[in-house]
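Structure record follows, encoded as structure tokens.
The values are calculated or read from the model by the stated rules, or taken from the named source; none is laboratory data. All figures in this text were calculated on a predicted structure; none of them were measured in a lab. Don't worry about glycine lacking a Cβ; one is built from the backbone with ideal geometry, like all the others, and counts go over all protein chains shown. Just the protein is used for accessible areas: all its heavy atoms, side chains included, with ligands, DNA and RNA removed. Shrake-Rupley method; radii C 1.70, N 1.55, O 1.52, S 1.80 Å.
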Amino acid sequence: MREAVALNVRAELAKARISGTRMAAKIGIPRSTLGRRIAGEVSFDAEEIAAIARVLQISTDVLLAVPAPVPTVGAA
């Protein structure tokens with residue numbers, strides 16, 4: 001899940017054309033902290049997800065969405 005959330009945040013930042021440096025400043029965390037989170041090394045906490053969603057004016061659901069697993073061939 002950590003990697004999926006990181007991917008969603010990266011995608012939404014790119015869509016909004018907001019840099020990691022700018023987002024980190026807007027939500028009040030160091031750029032290095034945001035960097036580790038968007039790289040998927042460390043999980044976002046709930047407050048960070050809520051703050052990012054507010055800045056991007058999107059639902060937290062967008063950032064927390066995890067794709068459904070793809071069934072394997074031959075699975076019953």
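Structural size metrics of segment 1-42, computed from C-alpha coordinates, are Rg and Dmax of 9.6, 25 Å. Does anyone have the angle between helix 2-16 and the longest principal axis of the chain? Alpha-carbon axes, 0 to 90°, nearest 10? Roughly 60 degrees, rounded to the nearest 10.
Share of carbon and sulfur in the accessible area of the chain stands at 57%, probe radius 1.4 Å. Kirkwood Rh over Cα pairs of the chain into Stokes-Einstein at 20 °C, 1.002 mPa s: D in µm²/s? Once the numbers are plugged in, D ends up at 166 µm²/s. In this simple spin-label approximation, Arg54 and Ile29 carry label points 7 Å from Cα along the Cα→Cβ vector, and these lie 1.4 nm apart. Taking label points 7 Å from Cα along the Cα-to-Cβ direction, Val42 and Thr72 give a separation of 3.5 nm. Between the helical axis of 46-56 and the dominant principal axis of the chain, each derived from Cα atoms, what acute angle in degrees is found, rounded to the nearest 10? Helix 46-56 sits roughly 70 degrees off the main axis of the chain. Put a plus charge on the Cβ of each Lys and Arg, a minus charge on the Cβ of each Asp and Glu, and nothing anywhere else: the dipole of the chain about its Cα centre is then about 380 debye. Solvent-accessible area per residue in the chain equals 65 Å², computed with a 1.4 angstrom probe and all protein chains kept. Of the trypsin sites (Lys or Arg not before Pro) in the chain, the ones in a loop by DSSP (not H, G, I, E or B) with at most 10 other beta carbons within 10 Å are Arg17.
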